[in-house]
Structures are given as C-alpha cells and as structure tokens.
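Heads up: the structure comes next, in structure tokens.
Please treat every number below as a calculation from the coordinates, not as lab data. Quantities reported herein were computed from a predicted structural model and do not represent experimental measurements. Methodologically, a virtual Cβ is constructed for each residue, glycine included, from the backbone with ideal geometry; neighbour enumeration extends over all protein chains shown.
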C-alpha cells in the first residue's frame with residue numbers, strides 16, 4: 001500500500017518533467033530555400049510541344065514574383081491530321097491554311113499552398129500571369145522551315161492561371177510540375193488557321209515539366 005501511494009505521489013512530478021523536456025525541444029523551423037529561381041519549361045499542350053524559360057524571385061515564404069517567356073504551337077479545334085503512308089509517312093491536315101505559334105511574355109505572382117501543413121518535400125502553389133503575346137503564323141502549304149520566310153506576326157494580350165508543385169529538398173536544383181490554362185485575345189481581324197475560319201481568341205491547357213536552379 002505504501003509503495004502504491006509513493007507511486008501516485010511521483011506521477012505529477014513525472015508529467016511535469018516530461019512537459020519540461022517537451023518544452024526544451026521546439027518544433028523544427030521551416031526550410032528556407034534560395035530566393036532566386038532560373039530555368040526552363042518543357043511544355044506539352046493541346047496544340048503540340050513547346051519550350052519556355054523563366055525567372056522567379058521570392059518575396060516571402062508564400063509569395064513569389066516571376067517573369068516567363070515561351071513558344072508553343074497552337075491549333076484550330078477542328079484540325080484533323082492524317083498520315084500519308086504512301087508518301088514516306090508524311091502528315092497533312094485538310095483545310096489548314098496557316099500554322100500558328102504562340103509566344104507569350106507573362107508577369108505574375110505565385111502563391112504557395114498549405115505551407116503550414118505539408119512537408120517541404122512537396123510545395124504546391126497556384127500562379128497567375130498576364131502580359132503581351134505574339135502569335136506567329138506561317139503558310140501551311142510551304143515546307144516547315146522555309147515557311148518562316150513568309151511568317152507574319154499578330155499581336156495579342158492574355159495570360160494564364162496554373163496549379164503546380166515544386167518537389168524535393170534540394171536547395172540548388174529546381175524540379176516542378178505544372179498544369180496551366182493559357183488564354184490570348186488577338187488585336188485586329190483575327191487569324192485564319194482553317195479555310196474561312198478566323199480566330200480572335202486562343203485558349204489551351206498545357207502540362208509542363210520545370211527544370212532549373214536556385215541561388
């Protein structure tokens with residue numbers, strides 16, 4: 001009985017000591033990553049393949065400003081491409097008048113999500129960019145590279161909204177995945193991609209692999 005009373009007497013001291021030990025072990029502070037990012041984007045969109053480059057600068061743990069530039073092909077929704085197996089596997093699109101390439105320059109803000117609840121190994125964010133664009137068209141009835149000699153520039157304004165995530169704990173190498181929706185409104189009479197089909201707006205989804213450096 002005395003031993004039992006002695007044990008009960010010690011319990012409060014045990015909890016008190018455990019609490020003090022816990023107070024001496026503060027939570028691990030969040031990882032601090034370099035504030036400057038520079039790199040390239042590999043793009044896979046509804047219109048085809050594309051490449052881009054970017055610069056980002058962090059203003060706080062959650063807010064980052066950026067500027068990016070890219071070039072990617074864009075298409076009319078009605079385009080259907082066929083393969084001519086009798087002509088060395090070349091492709092052709094009936095009714096197509098012009099190829100079109102989207103060259104947007106965007107400035108924007110990236111906001112990190114769930115920074116307090118997720119591990120640093122996965123850092124999701126949303127991004128919003130706006131800016132001017134050039135849509136470059138080349139005649140479809142000319143050979144791909146030679147057609148750039150007859151290229152025409154059309155001017156537009158637009159931007160994108162995106163969802164992405166930086167991955168890994170490296171403080172030198174940047175790897176991320178993004179999904180974006182681009183939208184651009186053309187100034188003037190529009191662009192003829194298919195016969196008698198003029199476009200004044202261009203929108204498309206794009207999946208992107210981002211590779212860069214942090215410093």
Virtual paramagnetic centre 7 Å along Cα→Cβ of residue 116, amide N under 16 Å, in region 150-180: none
Simple label model, 7 Å out from Cα along Cβ direction - residue 153 to residue 46, nm: 2.7 nm
Inter-site label distance for residue 80 and residue 187 at 7 Å from Cα along Cβ, in nm: 3.8 nm
Length added when fully stretched, residue 32-residue 213, from 0.36 nm per residue minus Cα-Cα: 63.7 nm
Residue-averaged [θ]222 nm for the chain, counting only DSSP H segments that reach four residues, each worth -39500 (n - 2.57): -3500 deg cm²/dmol
Mean separation of Cα contacts under 8 Å (6+ apart) over length of region 38-113, as relative contact order %: 30 percent
Angle in degrees between helix 2-23 and the longest Cα principal axis of the chain, rounded to the nearest 10: 40 degrees
Euclidean distance between Cα centres, region 36-52 to region 137-215, Å: 8 Å
Ranked 167, 43, criterion: other C-beta atoms within 10 Å, fewest first: 167, 43
